[in-house]
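This report concerns only the one structure given below.
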Amino acid sequence: MEKVIYLLWRDPRASRAEFDQRLRDDLAPRLVELGALGVQLNISDEAVSAAAPTVSATRPQTEAFVSLWLHTANAERRRPFDDAVAPAALRFAAYLVTESQPLANTRHPSAPGQRTTGFAQVAMFACPPRLARAQWLELWLAQHTQLAIDTQSTFFYVQNVVARALTFDAPPFDAIVEEGFPQEAFGSQSGFYGAAGDKEKLRRHRAAMFESTQRFIDADRLDVVQTSQWIVKAPAPTGAP
């Protein structure tokens, strides 16, 4: 099983609400019908407009993500899914990724088709030119992972390492990270960093995150988008019938 993440750019002639409806009501069922093993939508909609700051190194910034789990991402087998995604957006880019879940969502699981509580932050970044890929992976996956979990209020944490871009004009990202934040984090730095009512704890957590991330992320190669998440069809564990 392979995971493909599509980045979608909304046609400015369509409203956010129209874009949202097209993805949820038309695209998602079609992807399930085509045989996707799993389907997830992340949409930057009105519900998350005040959740947390966005970061935009890529202009225009993507407003939606579609995650698919497929038997194979090979071009010929993937083409029906690409053809389904294309009419839903002005533009799309696709990536084959390897997925790791250091923190699974056991606290706030949602029923299929229901919006996950809180908001899902999606961060995309590239390996800095100053680092070898192996060193970059060590700093991010081995050294940063537990610190991120310990200093934020996340209830799920998914690390997607980009294996390769599947579309010729895809922005040069090497990582796509998904983090779930609870309702208490909406518009609240202390809630975001798991430090409600404790200014010193907030200071420590923010400083620790900044110190860690600047080692393996360049700010001018980082995009952060706040989204609403829907698990349309949860992928079955490997080996399950």
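The values are calculated or read from the model by the stated rules, or taken from the named source; none is laboratory data. Just so it is clear, the structure is predicted and the values come from calculations on it, not from any experiment. Cβ sites come from the backbone with ideal geometry, for glycine too, and all protein chains shown count toward neighbours. Calculation scope for accessible area: heavy atoms of the full protein, side chains included, ligands and nucleic acids excluded. Shrake-Rupley method; radii C 1.70, N 1.55, O 1.52, S 1.80 Å.
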Legend entry - Residues being part of a loop (DSSP other than H, G, I, E, B) and under 23 Å from ILE149 (Cβ atoms) - total across the range 101-117: 9
Inset, instruction - List every residue pair whose Cβ atoms lie under 6 Å apart, where the two residues are 6 or more positions apart in sequence or sit on different chains, the first residue falls within the range 10-24 and is open to solvent by less than 50 Å² (accessible area, probe 1.4 Å), and the second residue, located anywhere, is of a type outside the set (A, V, I, L, M). - result: PHE19/ARG10; ASP20/ASP45
Legend entry - Answer residue from the range 25-84, given it is hydroxyl-bearing (Ser, Thr, Tyr) and surrounded by 21 or more Cβ atoms within 10 Å (Cβ to Cβ) and is nearest to the chain's Cα centre (by Cα) among those: SER67
Legend entry - Selected residue (criterion: surrounded by the fewest Cβ atoms within 10 Å (Cβ to Cβ)) from residues of the range 87-100 that are part of a strand (DSSP E or B) and small (Gly, Ala, Ser): SER100
Inset, instruction - Kindly indicate whether any position in the range 182-200 is open to solvent by less than 40 Å² (accessible area, probe 1.4 Å), under 27 Å from ALA236 (Cα atoms) and out of contact with any Cys (no Cβ under 6 Å at 6 or more places or on another chain). - result: yes
Inset, instruction - Could you tell me whether ALA170 is assigned to a strand (DSSP E or B) and out of contact with any Lys or Arg (no Cβ under 9 Å at 6 or more places or on another chain)? - result: no
Legend entry - Inter-residue pairs, beta-carbon under 8 Å, first touching a residue at least 40 places away in the same chain (Cβ under 8 Å) and farther than 19 Å from ARG22 by Cα and in the range 54-69, second in a loop (DSSP other than H, G, I, E, B) and among the aliphatic types (A, V, I, L, M), 6+ apart: TRP69/MET1; TRP69/ALA36; TRP69/LEU37
Legend entry - From the options ALA84, ALA47, residue that is outside any strand (DSSP E or B), under 18 Å from GLN121 (Cα atoms) and in contact with a Lys or Arg (Cβ under 8 Å, 6 or more places away or on another chain): ALA47
Legend entry - Qualifying positions in the range 100-156 - among the aromatic types (Phe, Trp, Tyr) and touching a helix residue (DSSP H, G or I) at 6+ places or on another chain (Cβ under 8 Å): PHE119, PHE125
